[in-house]
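> This structure is in structure tokens; I'll ask about it shortly.
The values are calculated or read from the model by the stated rules, or taken from the named source; none is laboratory data. Predicted model only: the values in this text are computed from it and were never measured. Backbone-built Cβ (ideal geometry, glycine too); neighbour counts: all protein chains shown.
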């Protein structure tokens, strides 16, 4: 009964805060990626944090002798980014003007990301272990750029602020102590944050597929990429409803469903249209 009262208080507070901060960061594009977002902090604040974090990451990697050690791979990744970045104008007009930066860390880790403002980092292990083609690299990069376009990091920070505010206010309203607030925080993370994380990943897949198609990279490579990723990371498989990310099979299904919308964009790009 207490848990229900906590949940009700949280939802009421989140609704009140959300009415003040809901907006959208991107246009829908051909893939229909459109959703209102809770954004309680400014882009400038997140961009500043991203610049600082990215700078430290590069400094640490350079100190370890792991930054941009393979020039051929670096130039390959940067060339792909140079084709993708101009296509971001479809989703937001300011994005092509971001201070884009692309670097590669020599590591066996299967990882890549794009911080707010267009700061891209690839790990060599992702490319080498999976033997990625340029089209497959474009799938990954388009996906990561899409997180930045949709400002998912900003949204996550805003959700955390709203959640903490709701927990504090809800606990005060109900006369609950610190232990009850902890329960509410766990409930929020389990019931709300996980679902939103899967939504973020799905959005990034959708937008990324359109970005790569418009840049002249074959979106059908998305199927091959996630099949490779599934084989490389298979551990018996956690049920999707307990994961923060869609399963590889779900991603493949979504890509296949979107191909009719994005293949004409790819064909036009290849023809120079």
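> Considering only residues that are part of a loop (DSSP other than H, G, I, E, B) and closer than 17 Å to residue 139 by Cα, look in region 92-125 and name the one that is modelled with the highest pLDDT.
The extreme case among them is 118.
> Say we look at region 110-137 and pick out the residues that are buried (at least 24 other Cβ atoms within 10 Å of the Cβ) and more than 13 Å from residue 226 (Cα to Cα); which of these is farthest from the chain's Cα centre (by Cα)?
Here the residue is 122.
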